[in-house]
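*Asks:* Right, I'll just put the structure down here and ask away after.
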2 protein chains.
Amino acid sequence: MSLRFAILGFLSVKPFSGYDLRKAMDASVQHFWPADQAQVYRTLTRLIADGLVAVQAVEGDSRQRKLHFATQAGLAELDAWLRAIAPVEETREPFLLKMFFGGRIGAADVRAQLQARRAEAHALRDTFQAIAASLPKGGDISAVLRRATLINGLRHVEAEIIWIDETLEALP
Amino acid sequence: MSLRFAILGFLSVKPFSGYDLRKAMDASVQHFWPADQAQVYRTLTRLIADGLVAVQAVEGDSRQRKLHFATQAGLAELDAWLRAIAPVEETREPFLLKMFFGGRIGAADVRAQLQARRAEAHALRDTFQAIAASLPKGGDISAVLRRATLINGLRHVEAEIIWIDETLEALP
DNA sequence: ATTTAATATAGGACTTGTCATATATGATTA
DNA sequence: TAATCATATATGACAAGTCCTATATTAAAT
């Protein structure tokens, strides 16, 4: 449901083609909003039908892409959504489900699961840290908030790593 | 997709009716696998069709419920899933999306968002802590792992609270 | 005694997202 | 020059889950 707003958010900065939109999302919000290609195009179609986005084929462009713009109505919807207090979200975590019933498969297999996850978490933490290090710390509110979304990911992988290690120790 | 395995997991412990299953899930795995009533029944139907679950109406029961059992095939599928290394999961977090584009609405509204989330996080942390305090610390591998899933939730809300506070401070 | 709440199951309509596939063009490379 | 890769858009089939509504029985409360 929020893909609408993710797209409107990007279009509030500058016009994008569907393709560029997808690339931009992959490069910035992928870790908290992975965008499926088909879904991006379908949502764009929907946004256009709702009058929140307008299209304009680029004249004289070598590529046959369609530039998408946020309309006034689109920006108004975006801002209303941004201001609405976010409801608590439910999450589904298959990994925790495995842990919950892990007693069935024995400590060795559970350890393997935890260690695999630890390796992934370490890699992700390193990635987040590298990106964070390359980003300037101050700046205007937008810069601070964009950095904050990255730090959020970092804090959560850190928490996950700590939890994995304490769980491995607690295991009999 | 994992609801299948959540259900098989519960049925590996003891037989359940659809209704009791839902209640049991709400009472134990809700924070990482919220179960929709309709979905539980539909998945049960599917599991029966696949031969992983068997039903048996309870004789002489005052209620008209159907008891569901995991079959041998069901338990085998469960164990295979438990042993398969969990792939990295993608997550979608509308709240971070709001933060990412928060620059549009100004610091005051962003603060309001963060403070609302902090209140929710504190409440959740208190709940997790209360439950964790009531749970014995040691026990067999199953007990340790079940407690661990709760601690996982706790560690992540704690991380979220820390992040909220540091973000509020970083805000101009 | 009647209403209301809890137990128990089920299905339709819908939304979001995934996966696979199709198509066409321009750019690069062998 | 032919093959292949990146750009660019689109659709069909499907899966998983949500929301709403329906139905029937039993227990509790007024």
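*Asks:* Determine, yes or no, whether residue B:105 is aliphatic (A, V, I, L, M) and within 30 Å of residue B:164 (Cβ to Cβ).
*Replies:* On the way: aliphatic (A, V, I, L, M): yes; within 30 Å of residue B:164 (Cβ to Cβ): yes.
For residue B:105, the condition - aliphatic (A, V, I, L, M) and within 30 Å of residue B:164 (Cβ to Cβ) - is met.
*Asks:* For the range A:70-77, indicate whether the set of residues that are within 14 Å of another protein chain (Cβ to nearest Cβ), under 23 Å from residue B:99 (Cα atoms), within 11 Å of DNA strand C (Cβ to nearest atom) and surrounded by fewer than 16 Cβ atoms within 10 Å (Cβ to Cβ) is non-empty.
*Replies:* Checked against the condition, which is being within 14 Å of another protein chain (Cβ to nearest Cβ), under 23 Å from residue B:99 (Cα atoms), within 11 Å of DNA strand C (Cβ to nearest atom) and surrounded by fewer than 16 Cβ atoms within 10 Å (Cβ to Cβ), the range A:70-77 yields no hits at all.
*Asks:* Checking residue A:138 against (1) small (Gly, Ala, Ser); (2) at pLDDT 95 or above; (3) not assigned by TED's automatic domain parsing to the domain that holds residue A:33, only one condition comes out false. Which one?
*Replies:* (2)
*Asks:* Which of the residues belonging to the range A:159-172 are facing chain B (nearest Cβ under 7 Å) and either within 27 Å of the chain's Cα centre (by Cα) or part of a helix (DSSP H, G or I) (or both)?
*Replies:* Looking only at the range A:159-172, we keep the residues that are facing chain B (nearest Cβ under 7 Å), and these are A:159, A:162-163, A:167, A:170-172.
Correct list: A:159, A:162, A:163, A:167, A:170.
*Asks:* Return the pair list, or none, for Cβ contacts closer than 6 Å from residues in the range B:1-25 that are in contact (Cβ under 8 Å) with a residue 12 or more places away in the chain and more than 17 Å from residue B:54 (Cα to Cα) to residues that are within 11 Å of DNA strand D (Cβ to nearest atom) and open to solvent by 50 Å² or more (accessible area, probe 1.4 Å), at least 6 apart or on different chains.
*Replies:* Within 6 Å, the pairs are B:22/B:37.
*Asks:* Additional query: Is there a residue in the range B:89-105 that is open to solvent by less than 20 Å² (accessible area, probe 1.4 Å), within 9 Å of chain A (Cβ to nearest Cβ) and among the β-branched types (Val, Ile, Thr)?
*Replies:* Scanning the range B:89-105 turns up at least one residue that is open to solvent by less than 20 Å² (accessible area, probe 1.4 Å), within 9 Å of chain A (Cβ to nearest Cβ) and among the β-branched types (Val, Ile, Thr).
*Asks:* Among the numbered conditions (1) near DNA strand D (Cβ under 10 Å from one of its atoms); (2) among the basic types (Lys, Arg); (3) assigned by TED's automatic domain parsing to the domain that holds residue A:149, tell me where residue A:98 comes up short.
*Replies:* Tallying (1) near DNA strand D (Cβ under 10 Å from one of its atoms); (2) among the basic types (Lys, Arg); (3) assigned by TED's automatic domain parsing to the domain that holds residue A:149, residue A:98 fails exactly one: (1).
*Asks:* State which residue is most open to solvent (accessible area, probe 1.4 Å) when the search covers only the range A:40-58 and only residues that are touching a His at 6+ places or on another chain (Cβ under 9 Å) and within 11 Å of DNA strand D (Cβ to nearest atom).
*Replies:* Our first condition is that a residue be touching a His at 6+ places or on another chain (Cβ under 9 Å); within the range A:40-58, this holds for A:44, A:47-48, A:53-56.
Applying the additional criterion that residues be within 11 Å of DNA strand D (Cβ to nearest atom) yields A:44, A:48, A:55-56.
Numbers: A:44: 4, A:48: 62, A:55: 63, A:56: 115 Å².
Only one residue tops the list, namely A:56.
*Asks:* What single numbered condition from (1) assigned to a helix (DSSP H, G or I); (2) under 26 Å from residue B:85 (Cα atoms); (3) within 14 Å of chain B (Cβ to nearest Cβ); (4) touching a helix residue (DSSP H, G or I) at 6+ places or on another chain (Cβ under 9 Å) fails to hold for residue A:129?
*Replies:* Here residue A:129 clears every test but (3).
*Asks:* Which condition does residue A:111 not pass, out of (1) touching a residue at least 40 places away in the same chain (Cβ under 8 Å); (2) more than 8 Å from chain B (Cβ to nearest Cβ); (3) closer than 19 Å to residue B:153 by Cα, if it passes all the others?
*Replies:* Among (1) touching a residue at least 40 places away in the same chain (Cβ under 8 Å); (2) more than 8 Å from chain B (Cβ to nearest Cβ); (3) closer than 19 Å to residue B:153 by Cα, residue A:111 violates only (3).
*Asks:* Considering the range A:79-88 alone, what residues qualify as being within 16 Å of DNA strand C (Cβ to nearest atom) and either facing chain B (nearest Cβ under 7 Å) or not in a helix (DSSP H, G or I) (or both)? Break it down into steps so the answer makes sense when it comes.
*Replies:* Start the filter on the range A:79-88 by keeping residues that are within 16 Å of DNA strand C (Cβ to nearest atom), which leaves A:80-81, A:84, A:86-87.
Listed by number, the residues that qualify are A:84, A:86, A:87.
*Asks:* Go through B:103, B:74 for me and flag whichever is over 25 Å from residue A:121 (Cα atoms), part of a helix (DSSP H, G or I) and in contact (Cβ under 8 Å) with a residue 12 or more places away in the chain.
*Replies:* Values: B:103 fails: in contact (Cβ under 8 Å) with a residue 12 or more places away in the chain.
Answer to the check: B:74.
*Asks:* If I ask for residues that are assigned to a helix (DSSP H, G or I) and near DNA strand D (Cβ under 9 Å from one of its atoms), which ones from the range B:25-39 would you list?
*Replies:* Step one: list which residues in the range B:25-39 are assigned to a helix (DSSP H, G or I), which gives B:25-28, B:37-39.
Across the range B:25-39, the qualifying residues are B:37, B:38, B:39.
*Asks:* Restricting the search to the range B:1-21, which residues are open to solvent by 10 Å² or more (accessible area, probe 1.4 Å) and farther than 15 Å from residue B:46 by Cα?
*Replies:* Scanning the range B:1-21 gives B:10, B:12, B:13, B:14, B:15, B:16, B:19, B:20.
The values are calculated or read from the model by the stated rules, or taken from the named source; none is laboratory data. Here the structure is a predicted model, which means the values were calculated and not measured. A quick note on method: Cβ atoms are made from the backbone with ideal geometry, for glycine too, and the neighbour counts reach across all protein chains shown. Surface areas here come from the heavy atoms of the whole protein model, side chains and all, with no ligands, DNA or RNA. Shrake-Rupley method; radii C 1.70, N 1.55, O 1.52, S 1.80 Å.
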